[in-house]
Every structure is written in structure tokens, then in C-alpha cells.
Amino acid sequence: MTASVPRQGDAPDEPPRPTEDRRRRNRRRALTLLIIVLLIGVPAGYLVISANQSRNSGKDKEAKYSATGLSAGWPSKVQRRLYQVPIPHPADRIAYYETNNWKTSRLYVQFRTTDAGLDTFLAGVGVNRDALKDGEITIGTRDQHITGWRFTGPGPWSGLVHEQKNPAPTQDIVVNTADPANPMVYVVSRTVP
């Protein structure tokens, strides 16, 4: 059996409170509900959005670093600067792949450009068109295997090796001028960390 507590009456010196009408009570309850939703719902929504962005970022990085061949698109500015591969404008059919290990880091890049773009690229590397040797395929079999490049199509093909003192990278460059107005350029830039 539970003992009941007697109800306290109003204080003798206070006037009695008016009873709350239905409209006011409903407005107060709605306001309370809104405050609870805002205090709990907004942070919870933020956490859900943040978790999804974090998970998606991890998937993007996983895809980028698990790539095992050329990926379409531009290498980052940092990669282009580090490996000294100045892709000219205009350029299309751009693809790249980077490998890193304790011994050597390599950036593989291919792109198609204009005749003037080829001169701009070669000048950015530090050579000129005269350095290209006709019939030379300067990218080795190992690097061709990694990228899937086959230098057997219609040519003419020409190439050069631009060696530099460490830590500057060494670039192996092959150019296909089957379409002289739009040469295709293949570059392997390697550096020793």
C-alpha cells in the first residue's frame, strides 16, 4: 500500500494562478518539442553527414592508392612540380600513375598536345626538340609493362633521356608524331628520395 502525499495548497499571500488555456498549453508543448529536436537533431544530423563524408574520403583515397595502372586525369600540381613534368595547355588524353618505394619514386604521364605544346613541354623540362632522337624508344620494358604502353603503332617515334643530378628527377620521354599537329607524349620521371 502506498501512502499518498497531501496536495499543498496555494500560499496564502499569493494570488491564485490562472488556469492555463488549451491554446497556450499546446504552444508551450510545441516550443518544448522544437527545442528538443533542435538540441538533439541538429548535432545528430551533423554527425551523420560528417561520418558519410569521412567514409567517402577514405574510399576515394583507397581507390587512388590501390590503382595498378594509369588513371585518367591530371596529376596533382605537387606531383608535376616534384617530378618536373610540366604538362602544357592545351593537352588531352591525360593519364598518370605514380609508384613509390624506398629506392625510387616514379611518375608515369601520357598526354596529347599540339605541335607548339610539345615545344613548350620540352622547354619546361629543360631540353629542345633537337634532343629527340628519331627511332629511339627510351622508356624501358619494365615501365612499358607497368603502364601498358606499346610503342609499336604507326610512328615516327622519337625519344630522349634527360638526366639530372639528384635530387632532381631523370625523365625518359617518348614522342609519337604520327599526327604531327597533335603529338602524343609519354614520360617516365624518376627520382631517388
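The values are calculated or read from the model by the stated rules, or taken from the named source; none is laboratory data. Values in this document were obtained by computation on a predicted structure and should not be read as measured data. FYI the Cβ positions are ideal-geometry reconstructions off the backbone, even for glycines, and counts take in every protein chain you see. These accessible areas exclude ligands, DNA and RNA; they are computed on the full protein's heavy atoms, side chains included. Shrake-Rupley method; radii C 1.70, N 1.55, O 1.52, S 1.80 Å.
Modelled label positions at ALA178 and TRP74, each set 7 Å beyond Cα in the direction of Cβ, lie 2.7 nm from each other.
In whole percent, and with a 1.4 Å probe on the protein chains, what portion of the accessible area of region 48-193 is carbon and sulfur?
Carbon and sulfur atoms account for 51 percent of the accessible area of region 48-193.
Once the C-beta distance of ASN101 and ALA51 is scaled by a Förster radius of 22 Å, the resulting FRET efficiency is 0.05 to the nearest 0.05. If only the Cβ of Lys and Arg carry +1 and only the Cβ of Asp and Glu carry -1, the dipole of the chain around its Cα centre is close to 1080 debye.
Out of every Cα-Cα pair that the chain contains, those further apart than 30 angstrom amount to 47 percent. Taking region 128-193 on its own, what percent of its Cα-Cα pair distances exceed 14 Å? For region 128-193, the fraction of Cα-Cα distances above 14 Å is 58 percent.
Taking Cβ atoms as reference points and 15 Å as the exclusive limit, the residues near LYS133 contribute a net charge of -4, counting Lys and Arg as +1 and Asp and Glu as -1.
Please go through region 95-128 and write out the trypsin sites (Lys or Arg not before Pro) that DSSP classes as loop and that have at most 14 other C-beta atoms within 10 Å.
Sites meeting the loop and neighbour criteria: LYS103.
Annotation: per residue accessible area for the chain equals 70 Å², rounded to a whole number [probe 1.4 Å, protein chains only].
The label point for VAL42 and the one for ARG150, both projected 7 Å from the Cα toward the Cβ, are 6.1 nm apart. ASN166: net charge of surrounding residues, Cβ under 13 Å, Lys/Arg +1, Asp/Glu -1, itself excluded? Charge balance in the 13 Å sphere: +2.
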